[in-house]
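Structure first, then comments.
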Amino acid sequence: MVEYMIKVRVRCFAAIREIVGVSELFVELPEGSTLMQLIHLLHGQFPQLQALTGSVLFSVNREYASPDTRLAGGDEVAFIPPVSGGADA
Amino acid sequence: MLDITDQQLSLEPLVNAVKRSSSGAVATFLGVVREQTRGRQVRYLEYDAYREMAILKMRGITDEIRGKWRVDEIAMVHRVGRLQIGEASVAIAVSAPHRREALAACAYAIDRLKEMVPIWKKEVWTDGEEWVGPGRCEHH
């Protein structure tokens, strides 16, 4: 069985950008993936993001979105952290 | 006029942009960088914005305002980049036929902007730093 992949763009701001090290990422996911699956994938890649989870909101295509939102190829996703740990927060 | 800029802010261009012949009042708000925050000495602030979404959310706020008050025009500009103490981070101007609507709408605009517009500030203190974002900014 062929698993089709989609590619989404992840914009990174503020503390997220400092953790990830770049202002945007392109991530491939199996078709039908949800925002939550993308979040888990990024948490695996960047474990420091997990420390932010409790307070982070997410956007898909520039609107606030819930983690069960299904992603499509070309979607633009961002993490919107209200507060995050800085050097000694 | 809704914008995110790395240039210095002043109220005058916003006031001029919102004035209409029907306007009897222009209410303004200017947020400035304060020397102390939560008891800590600020060295400088660094603002970052999700520009495209921030402008969409600002437009949403202007729609909310028009649903609540009779106003003529609304202008909101937020600065990004590194700001020193005393520099303006956000400027708002609202014109309306009458002062009550202008004042109420201006207060509403800054409250909503801080609640839901994706703009972050990194507070850099003499003894550490922290990013602060929508919903958690202290009021100026």
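Observations, loosely collected:
- Along region B:115-120 the Karplus relation, 6.51 cos²θ - 1.76 cosθ + 1.60 evaluated at θ = phi - 60°, assigns HN-Hα couplings of 6, 9, 8, x, 10, 10 Hz to successive residues, with x for each Gly and Pro.
- Here the simple spin-label model places points 7 Å from the Cα toward Cβ, and for B:Q8 and A:M36 these points are separated by 5.1 nm.
- Threshold 30 Å² - residues in region B:29-67 whose accessible area is reduced by that much or more when the chain is no longer isolated, probe 1.4 Å: B:D48, B:Y50, B:E52, B:M53, B:L56, B:K57
- Listed residues B:D3, B:D72 arranged by accessible area, highest first, probe 1.4 Å: B:D3, B:D72
- Surface share of carbon and sulfur [accessible, 1.4 angstrom probe, percent] for region B:1-48: 43 percent
- Taken about its Cα centre, region B:1-95 carries a charge dipole of about 280 debye when Lys and Arg each add +1 at the Cβ and Asp and Glu each add -1 at the Cβ.
- For the pair B and A, total buried accessible area rounded to nearest 100 Å², probe 1.4 Å: 1900 Å²
- Solvent exposure of region B:13-140 as accessible area per residue, Å², 1.4 Å probe: 44 Å²
- Under a model in which nothing but the beta-carbon of Lys, Arg (+1) and Asp, Glu (-1) is charged, the protein assembly as shown shows a dipole of about 740 debye around its Cα centre.
- Principal axes of region B:24-140: Cα extent on each, largest first, Å: 48, 26, 19
- Between region B:70-140 and region A:1-79, the alpha-carbon center distance in angstrom: 28 Å
- Spin-label pair B:V32-A:E76: with each label point 7 Å from Cα along the Cα-Cβ axis, the two points sit 3.5 nm from one another.
- Simple label model, 7 Å out from Cα along Cβ direction - A:F26 to A:E63, nm: 2.6 nm
- For chain A, the carbon plus sulfur part of the accessible surface works out to 53%, probe radius 1.4 Å.
- Angle between chain A longest axis and helix A:35-45 axis [Cα atoms, degrees, rounded to 10]: 60 degrees
- Backbone geometry of region A:65-73 corresponds, through the Karplus equation with coefficients 6.51, -1.76 and 1.60 at θ = phi - 60°, to 3J(HN,Hα) couplings of 9, 8, x, 7, 4, 7, 8, 10, x Hz, x marking Gly and Pro.
The values are calculated or read from the model by the stated rules, or taken from the named source; none is laboratory data. Owing to the predicted nature of the structure, the values given are computational and were not obtained by experimental measurement. When we count neighbours, we look across all protein chains shown, and the Cβ atoms used for this are built from the backbone with ideal geometry, even at glycine. The protein model used for the area step is the full one, side chains on, heavy atoms only, and it has no ligands, DNA or RNA in it. Shrake-Rupley method; radii C 1.70, N 1.55, O 1.52, S 1.80 Å.
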